[in-house]
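Comments concern the structure below.
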């Protein structure tokens, strides 16, 4: 079975972001970039399927600028077999990314596609569902467990009220939630080995995909700042303030 | 402008998230509500009683009972041609279904809006709410999920819209419901509770969460948790408040043993009053708290429980 995973290059999880002075975007120059954490979980899941003898090839795909090769290289160092970069400097929206992935699926014919449930930059939470729609495939979103038997994928999903388990017809799209697995760190020998693994580079034009944005960003602003309040001495004072000042209990 | 709101429900009750979504919808134009489920007549009737609703469209079939996106999305697609906007609450159901609808009609979804600027323009948080983007859509139909904490709930009673039954194929043959394990609780739902008390890594163990539950029961509050507490296995994921969990904005949010990572703040910083209890005086949570108490939670929480008993 062939598995394809999507990986996005995003501002690192630990960076405290700043809006640029023109209020048009979040500052990304000279900021540490990393693989979207949910996509790391997708890569890890793909590797585990390989280690379990279920998958025989794992392909890591990214849609983004040249530097996204570094993100693909990270996936290769973790254990993916090869990479494909769909190179574009357009700030691609989820619909455009889903269309690029669809074009690659038509070439590569994977049985399973795993992507992160959301990217921590645009927080859109759309790409996997959109890809499933475009392919006419089933979707297992917010997955915390996968189990494959006889061509059916059993997915446990993290939903608002608890957990839901569904059986999906294959091929399928899965989007990862945090508890699906704990991604490994790439070891130094594997980082060295990853340098020799192939990355194919293509672009949206070659794939016949129009990635022009549908949304125009008119403005990006800092949210209103919350003022720090007061420190209270003890629990009695706290309860008194909540009762008599804030009047919330 | 004509707006279709997708109802959030469990086949028995209409969820409050729908009421907030209706408020967002009414800012755009006339609102109809779509209810997809099984034996969901009472939900459709409740939707029809929301003031300002034009009509309720009900698709009632066994294949729609569990809200599978593969089955529900095509039904919504069929309806989209009559509407300028399709809105759903940004719940796990809304997030699951609506992007599938958007892709099927070749539209870019606008996720988790917090404000309607005009018919094409919306404000939404990005980077865990550390920036707010104003975006304008060029698509003919707008597909939108709504952050429910940003919109007041519409009144639940007072309207008398008609209910129309929709018929058609409902099983896409792609997915099947197997089972669900829902957290059963007597306490209010996390996203609609007036008071929320959450525990973080500082709780040290799931065995200590009953301390918070005791306070929750005295205040009529819901219990939440930070991602650290969920990752450590103290409590299940549906307790999680934050960028990757639930977004809450109660009247009172009590953060216990939570340091205040930006990902957690993303889920609760719009609460009206925030209380933080943490033994580390330097914890970032104190920068957003209205009332901070620097104390060991294992002393402070029992003391709080005792203090609440005094009137």
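The values are calculated or read from the model by the stated rules, or taken from the named source; none is laboratory data. Keep in mind it's a predicted model, so treat the numbers as computed, not measured. Methodologically, a virtual Cβ is constructed for each residue, glycine included, from the backbone with ideal geometry; neighbour enumeration extends over all protein chains shown.
The single condition from (1) touching a strand residue (DSSP E or B) at 6+ places or on another chain (Cβ under 9 Å); (2) facing chain A (nearest Cβ under 8 Å) that residue B:264 fails is (2). Given the residues B:275, B:288, which is the only one that is more than 27 Å from residue B:146 (Cβ to Cβ), within 8 Å of chain A (Cβ to nearest Cβ) and under 24 Å from the mean Cα position of the chain (by Cα)? None of the others qualify; the one that does is B:275. For segment B:87-122, the set of residues classified as within 17 Å of the chain's Cα centre (by Cα) and under 10 Å from residue B:143 (Cβ atoms) consists of B:87, B:88, B:98, B:99, B:110, B:111, listed by residue number.
Of the residues making up segment A:221-232, those that are free of Cβ contacts under 8 Å to residues at least 60 places away in the same chain and either at the interface with chain B (Cβ under 8 Å from one of its Cβ atoms) or surrounded by 12 or more Cβ atoms within 10 Å (Cβ to Cβ) (or both) number 7. Scanning segment A:90-103 for residues that are more than 10 Å from chain B (Cβ to nearest Cβ) and in contact with a helix residue (DSSP H, G or I) (Cβ under 7 Å, 6 or more places away or on another chain), we see that the one that is farthest from residue A:67 (Cα to Cα) is A:103. Within segment A:160-184, being modelled with pLDDT of 95 or more and at the interface with another protein chain (Cβ under 7 Å from one of its Cβ atoms) holds for A:163, A:164, A:165, A:166, A:167, A:168, A:169.
Do we have residue A:239 as assigned to a strand (DSSP E or B), surrounded by 18 or more Cβ atoms within 10 Å (Cβ to Cβ), at pLDDT 95 or above and more than 21 Å from the chain's Cα centre (by Cα) here? Here the answer is no, as residue A:239 does not meet what is asked.
Number of residues in segment B:167-217 that are within 22 Å of the chain's Cα centre (by Cα), away from chain A (no Cβ under 14 Å) and modelled with pLDDT under 95 equals 1. Entry remark, segment A:172-201: residues being farther than 30 Å from residue A:151 by Cβ and outside any helix (DSSP H, G or I) number 7 in total.
Please report, ordered by residue number, the strands (runs of 3 or more DSSP E) entirely within segment B:211-311 with at least 2 residues that are in contact (Cβ under 8 Å) with a residue 40 or more places away in the chain and under 27 Å from residue A:142 (Cα atoms). Fully inside segment B:211-311 and qualifying: B:252-256. Would you mind stating whether residue B:106 is surrounded by fewer than 19 Cβ atoms within 10 Å (Cβ to Cβ), under 30 Å from residue B:175 (Cα atoms), within 11 Å of chain A (Cβ to nearest Cβ) and at pLDDT 95 or above? Against the criterion (surrounded by fewer than 19 Cβ atoms within 10 Å (Cβ to Cβ), under 30 Å from residue B:175 (Cα atoms), within 11 Å of chain A (Cβ to nearest Cβ) and at pLDDT 95 or above), residue B:106 qualifies. With respect to the conditions (1) surrounded by 15 or more Cβ atoms within 10 Å (Cβ to Cβ); (2) more than 11 Å from chain A (Cβ to nearest Cβ), residue B:250 lacks only one, and its number is (2). Considering segment B:76-87, the residues that are more than 10 Å from every other protein chain (Cβ to nearest Cβ) and touching a helix residue (DSSP H, G or I) at 6+ places or on another chain (Cβ under 8 Å) include one that is nearest to residue B:21 (Cα to Cα), namely B:87. Return yes when residue A:213 is surrounded by 15 or more Cβ atoms within 10 Å (Cβ to Cβ), more than 10 Å from chain B (Cβ to nearest Cβ) and in a loop (DSSP other than H, G, I, E, B) and no when it is not. No: the conditions fail for residue A:213.
This table checks each residue for (1) over 23 Å from residue B:282 (Cβ atoms); (2) without any contact (Cβ under 8 Å) to a residue 12 or more places away in the chain.
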| residue | (1), (2) |
| --- | --- |
| A:201 | yes, no |
| A:204 | yes, no |
| A:213 | yes, no |
| A:235 | no, yes |
| A:242 | yes, yes |
| A:249 | yes, yes |
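Of the residues making up segment B:88-103, those that are more than 7 Å from chain A (Cβ to nearest Cβ) and assigned to a helix (DSSP H, G or I) are B:93, B:94, B:97, B:98, B:101. Of everything in segment A:132-153 that is in a strand (DSSP E or B) and more than 21 Å from the chain's Cα centre (by Cα), the residue that is nearest to the other protein chains (Cβ to nearest Cβ) is A:152. For segment A:111-131, the set of residues classified as part of a loop (DSSP other than H, G, I, E, B) and either facing another protein chain (nearest Cβ under 10 Å) or crowded, with 20+ Cβ neighbours inside 10 Å (or both) consists of A:117, A:118, A:119, A:120, A:121, A:122, A:123, A:124, A:125, A:126, listed by residue number.
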